[in-house]
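Asks: Attaching a single structure in structure tokens format; questions to follow.
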Amino acid sequence: MYYLLPFRFERIDNKEIIVNEAGDFWVAETNTVDRIVNRKISPDEELYKDLLSSFIISEQPIPDLIDNYATRLRTKKSFLDGFTSLHIFVLTIRCNQNCIYCQASSRECSASIYDSKKEYLASAIDLMFKSPSPSLTMEFQGGEPSLVPDLLQYAIEETERKNIEYKKQIIYVLCTNSIYLTDQLIEICNKYSVLISTSLDGPEFLHNHNRGKTDSYQKVIKGIAKARTMLGADRVSALMTTSEYSLNYPEEIIDSYLHNGFQSIFLRPLNPYGLAIDTSDWNMYFDRFIEFYKTALDYIINLNKKGTFIIEELTALILRKILTPFPVGFVDLQSPAGIINSVIVYNYDGYVYASDESRMLAEYNDFTFRLGSVFDRYEDIFYGKKSQDLAQVWATEFIAGCADCAFQSYCGADPVRNYSTQKDPYGFRPTSSFCKKHKAIISHIIKLITERENEVLPVFKEWLKRNEG
Ligand code: SF4
């Protein structure tokens, strides 16, 4: 007779994937779960010992090593230790591009009423320093923040001045399309070790199509080259967004990243915010995205096998959750959710939002996730009524569907996404595109690890090693 410990399971093809509370997974034959719960596993079986050591069953009501198990769970949740560490400053929503999927609701280049004000930035920086986190990431976004270098300089200098007292570790990130990296801007980035996060959607014809411009690609490539030369290659990274058009070109996109000297790519789908909300059929889009992801990942694995090192970052994040005891600082795959716990947004107009997506909803006059203004008290914003209401729905451990999903510890909760797509922050998993995408991708990765272990694990382990380094 043995006791059952909490575990969840999922059937994939003819196997059962059993996952314990700490996220360790076990692949078993069909009917294993039935045998476990009906106490049919005999102590003579090898499986019995495996289940014991995996904290799926126990010979005592409380296992002897429960404290070790608790430590592992606490380590997985240690991303919560410092509370909000990513502070996004939207310096302007003006932009010099015209992306077909724009999620930031950008305005035309000359309309300076869409720039932030110095007094907003100063108050937002005060709020940022109230965060208990000893290390902060200050990310500058737009629109296109390179259009307002004076505001960027002011925000950084103000932060440096105040940090003499707070002594926090601060990382600066400039999210830019790299079209307008002037000498003034590069000088600021050099002086304050600002990291450049740029966007590159793939080869020239595709990138230009997505940007709504004919010359964007050449300018971006020139901007990336300039930033690499002046700041160092390791200070420049790129992100891609998969438009409907991009779905046709997985291999071409990866080749263009390699061609432009990148050793990693993040296959990012569209999010249903901003202009991207008009994309006709989200279900069809996500079905196609999942196929795109699988094709692209296969191509990337093959490249690695042939000696070309390139990481797919979403896979690497999920692998870290599946194969290591460590937490992942990726706000989309967190429970409790990334909003407020890990990220906060100070908008150009002086209001504070729960996440980047929340402020995008506000551009369409939906202020559901506006937490207050930069002049409000820290406590009222971060612990106020709206934050408390969101806390009721922001963890996979207790929302319906996720609470008994085998992939709970690899996935995340996203009330803003639920609200945006289903008009309800709680969300409904059976029709959720977020759920569909994550379930498909996590299942696929587990299948790769179990069915093609010898082929993919050496590649995946290299990725994990590189990301730890
Ligand atoms: S969103 Fe879906 S895949 Fe993720 S934990 Fe919830 S039910 Fe599972």
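Asks: Here is a check on your reading of the model: is Lys294 loosely packed, with under 15 Cβ neighbours inside 10 Å and modelled with pLDDT of 95 or more?
Replies: no
Asks: Of the residues Ser264, Ser256, only one is hydroxyl-bearing (Ser, Thr, Tyr), out of contact with any Gly (no Cβ under 9 Å at 6 or more places or on another chain) and either away from the ligand (no atom under 16 Å from the Cβ) or over 30 Å from Gln388 (Cβ atoms) (or both); which? Lay out the reasoning, then the answer.
Replies: On the way: Ser256 fails: out of contact with any Gly (no Cβ under 9 Å at 6 or more places or on another chain).
Just a single option satisfies the conditions, and that option is Ser264.
Asks: Can you confirm whether Glu379 is at negative phi, part of a helix (DSSP H, G or I) and outside the structural domain of Arg320 (by TED's automatic domain parsing)?
Replies: yes
Asks: Pick from Tyr180, Tyr245, Tyr217, Tyr192: which is closer than 19 Å to Leu91 by Cβ, over 22 Å from the mean Cα position of the chain (by Cα) and either outside the structural domain of Gly82 (by TED's automatic domain parsing) or modelled with pLDDT under 95 (or both)?
Replies: Values: Tyr245 fails: closer than 19 Å to Leu91 by Cβ; Tyr217 fails: closer than 19 Å to Leu91 by Cβ; Tyr192 fails: either outside the structural domain of Gly82 (by TED's automatic domain parsing) or modelled with pLDDT under 95 (or both).
Among Tyr180, Tyr245, Tyr217, Tyr192, only Tyr180 is closer than 19 Å to Leu91 by Cβ, over 22 Å from the mean Cα position of the chain (by Cα) and either outside the structural domain of Gly82 (by TED's automatic domain parsing) or modelled with pLDDT under 95 (or both).
Asks: The conditions are (1) aliphatic (A, V, I, L, M); (2) surrounded by fewer than 17 Cβ atoms within 10 Å (Cβ to Cβ); (3) in a loop (DSSP other than H, G, I, E, B), and Ala413 fails exactly one of them. Which is it?
Replies: (2)
Asks: Still on this structure: Here's a check for you: in the range 416-433, which residue that is among the β-branched types (Val, Ile, Thr) and in contact (Cβ under 8 Å) with a residue 40 or more places away in the chain is nearest to the ligand (Cβ to nearest atom)?
Replies: Looking only at the range 416-433, we keep the residues that are among the β-branched types (Val, Ile, Thr), and these are 416, 421, 431.
Subset that is in contact (Cβ under 8 Å) with a residue 40 or more places away in the chain: 416, 421.
Numbers: Val416: 14, Thr421: 12 Å.
Taking the candidates together, the pick is Thr421.
Here is a yes/no grid of residues against (1) assigned to a helix (DSSP H, G or I); (2) not β-branched (Val, Ile, Thr):
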| site | (1), (2) |
| --- | --- |
| Thr315 | yes, no |
| Pro327 | no, yes |
| Asp332 | yes, yes |
| Gln388 | yes, yes |
| Gly401 | no, yes |
| Ala406 | no, yes |
| Ser420 | yes, yes |
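Asks: Name the residue that is nearest to Tyr410 (Cα to Cα), counting only residues in the range 4-58 that are of a type in the set (A, V, I, L, M) and part of a loop (DSSP other than H, G, I, E, B).
Replies: Restricting to residues being of a type in the set (A, V, I, L, M) and part of a loop (DSSP other than H, G, I, E, B), the top hit is Ala22.
Asks: Mind listing whichever residues of the range 334-366 are within 16 Å of the ligand (Cβ to nearest atom) and assigned to a loop (DSSP other than H, G, I, E, B)?
Replies: Those that are within 16 Å of the ligand (Cβ to nearest atom) and assigned to a loop (DSSP other than H, G, I, E, B): Gln334, Ser335, Pro336, Ala337, Gly338.
The values are calculated or read from the model by the stated rules, or taken from the named source; none is laboratory data. Fair warning: this is a prediction, and the values are worked out from it, not measured in the lab. In this analysis, Cβ positions are derived from the backbone assuming ideal geometry, glycine residues included, and neighbour counts consider all displayed protein chains.
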